[in-house]
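> Have a look at the structure that comes next, please.
The values are calculated or read from the model by the stated rules, or taken from the named source; none is laboratory data. As the structure is a computational prediction, the values presented were derived from the model and not from experiment. We place every Cβ from the backbone using ideal geometry, glycine too, and count neighbours over all the protein chains shown. The area values use the complete protein model at the heavy-atom level, side chains included, leaving out ligands, DNA and RNA. Shrake-Rupley method; radii C 1.70, N 1.55, O 1.52, S 1.80 Å.
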Amino acid sequence: MTTTVAVALPGREYDVLIGTGLLAGAGHRIAALGGRRHVAILTDATVAGLHLATLQAALADAGLTSDAKVLPAGEGTKSWAALEACCDFLLDQKVERGDVVVAFGGGVVGDLGGFVAAILRRGVRFVQIPTTLLAQVDSSVGGKTGINTLHGKNLIGAFHQPSLVLADIDLLATLPRRDFLAGYGEVVKYGLLGDAAFFDWLESNAPAMADGDISARVHAVTRSVQMKAEIVLRDETEQGDRALLNLGHTFCHALEKATDYSDRLLHGEGVSIGCALAFELSARLGLCSQEDPSRVRAHLKAMGQKVDIRDIGGDIPDAETLLGWMGQDKKVIAGKLRFVLARGIGQAFVTSDVPADKVLGVLRDAA
Ligand code: GLY
């Protein structure tokens, strides 16, 4: 069972394959891209322990040798130090302009690996093999790459599109349930931002999907990737519509900073809270009916998601501090905070016209 979503960016077209058994068949697909018969893999310790042998056997089946750089798992790896270590590894591997680097892991490895590929020899090709739900539906598609700094997340990076994305649904079977549900925050985001019928479908089918239903997983990942591809085609470098993909993210980034980017709050959990708060803010601004945030919250809660700041647990800075951090978000333009708000489920839009006192009210009530 494999579906294909074409990302038809002129001159940088690529396919996202979504289905089962894709890892075992990865060698031939990667070999078909050309380059030397040697592949450099960037991965993390968790993924390496579970799946690296399968990937390397698949490459060997296609006559490709490979070496892997195994990085520590976790957000801390999206760092200057890891970037340097990866560049040195790839240069030691004598990776050339025509070669293909494989980023094999979740969002951290994909973002870091993509950025390394963007800057190594001024750009080499790379293949994304995302191993988490979050990476399959969001970060592996669309070419955003980068690392974090002391100043915040993803502030150093580049747009660099992969040459192929292999989203093997089987890999989600080894994902801890918490990580799967965190990725679900990004799935539900697509329904909320632009496809009410998909949100309806999720209300009925997401519980089975979380419990392991393969065809539901293929459908949910495919629909999410289709929506992302459509938006990226309209606005690759986020001059306009691509910002819709940041529904919930302005709140989320402040909450991630508040929790030191630790596993107190996973990114997708922050997106879930952020989506709930963005709909609450939309209702308070009279943009949508109060039923919409209630429905969003009810579904997220039914899926075991966090919806309020208090669901994070432990100390969180006050609303004024969080609002100040939102002002550090890279989506700020001319000092004005940009929010993605909604006129209803599936009807998101971007605005800078949000009174601070309304945001503070939402933050205080969620604390
Ligand atoms: N994750 C948001 C984007 O790719 O634009």
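> Over the range 217-263, average the accessible area per residue using a 1.4 Å probe and give it in Å², no decimals.
Ligands and nucleic acids excluded, the result is 32 Å² per residue.
> Please compute the modelled spin-label separation between Ile156 and Leu360, points set 7 Å along Cα→Cβ, answer in nm with one decimal.
3.5
> Relative contact order (percent) for the chain, with alpha-carbon contacts under 8 angstrom and 6 or more residues of separation?
15
> Rounding to the nearest 10 and keeping the result within 0 to 90°, find how far the Cα-based axis of helix 80-92 lies from the longest principal axis of the chain.
Long axis of 80-92 versus the principal axis of the chain: about 20 degrees.
> Treating the angle as unsigned and between 0 and 90°, give the value, to the nearest 10°, between the Cα long axis of helix 177-194 and the longest Cα principal axis of the chain.
Long axis of 177-194 versus the principal axis of the chain: about 70 degrees.
> Would you please state the base-10 log of I(q)/I(0) at q = 0.09, 0.10, 0.13 1/Å for the range 231-367, with intensities from the Debye formula using one equal scatterer on every alpha carbon?
Scattering profile of the range 231-367, log10 relative to I(0): -0.24, -0.29, -0.51.
> Can you compute log10 of I(q)/I(0) for the chain with the Debye formula, treating each Cα as one identical point scatterer, at q = 0.10, 0.12, 0.14 Å⁻¹?
-0.58, -0.84, -1.14
> Pairs on different chains or at least eight residues apart, Cα atoms closer than 16 Å: how many lysine pairs in the range 69-206 fit?
Close lysine pairs under the 16 Å cut-off: 5.
> Average the reciprocal distances over every distinct pair of alpha-carbons in the range 136-220, invert the result, and give the Kirkwood radius in Å.
Evaluated over the range 136-220, this radius sits at 14.6 Å.
> Among Ser282, Ser352, Ser272, whose mean-square fluctuation peaks in a Gaussian network model of the chain (Cα, cutoff 10 Å)?
The residue that fluctuates most here is Ser352.
> Where the accessible area of the range 208-358 is counted over protein heavy atoms with a 1.4 Å probe, how much of it, in %, is carbon and sulfur?
46
> P(r) for the range 192-267: what percent of alpha-carbon pairs falls in each 5 Å bin, starting at zero?
Percent of pairs per bin, in order: 3, 14, 16, 17, 19, 20, 11, 1.
> Please state the charge dipole magnitude for the chain, taken about the Cα centre, from unit charges on C-beta atoms (+1 on K and R, -1 on D and E), reported in debye and rounded to the nearest 20.
Dipole about the Cα centre, nearest 20: 600 debye.
> For labels at Ala81 and Ala53 in the simple 7 Å Cα→Cβ model, what's the distance in nm?
Each label point is offset 7 Å from its Cα along the Cβ direction, giving 3.0 nm.
> Would you mind classifying the range 106-169 by shape? Square roots of the alpha carbon gyration tensor eigenvalues, ordered a ≥ b ≥ c; an a/c under 1.5 is rounded, otherwise it is prolate if a/b is larger than b/c and oblate if not.
oblate
> Which value, in Å² rounded to 10, gives the accessible area of His151 with a 1.4 Å probe and all protein chains present?
Using a 1.4 Å probe on the heavy atoms, I get roughly 140 Å².
> Using DSSP loop states and a limit of at most 13 other Cβ atoms within 10 Å to flag GluC sites (Glu not before Pro), what is the longest stretch of the chain containing no flagged site?
97-367
> With Cβ to Cβ distances under 12 Å as the rule, what net charge do the other residues near Ala62 carry (K, R +1; D, E -1)?
Every neighbour counted, the sum reads +1.
> How much length, in nm to one decimal, is gained on full extension between Glu13 and Asp88, taken as 0.36 nm per residue of separation minus their Cα-Cα distance?
24.1 nm is the gain from fully extending Glu13 to Asp88.
> Please check: in the Gaussian network model of the chain (C-alpha springs, under 10 Å), which one of Gln305, Gln136, Gln93 has the largest mean-square fluctuation.
Of Gln305, Gln136, Gln93, the most mobile in the Gaussian network model is Gln93.
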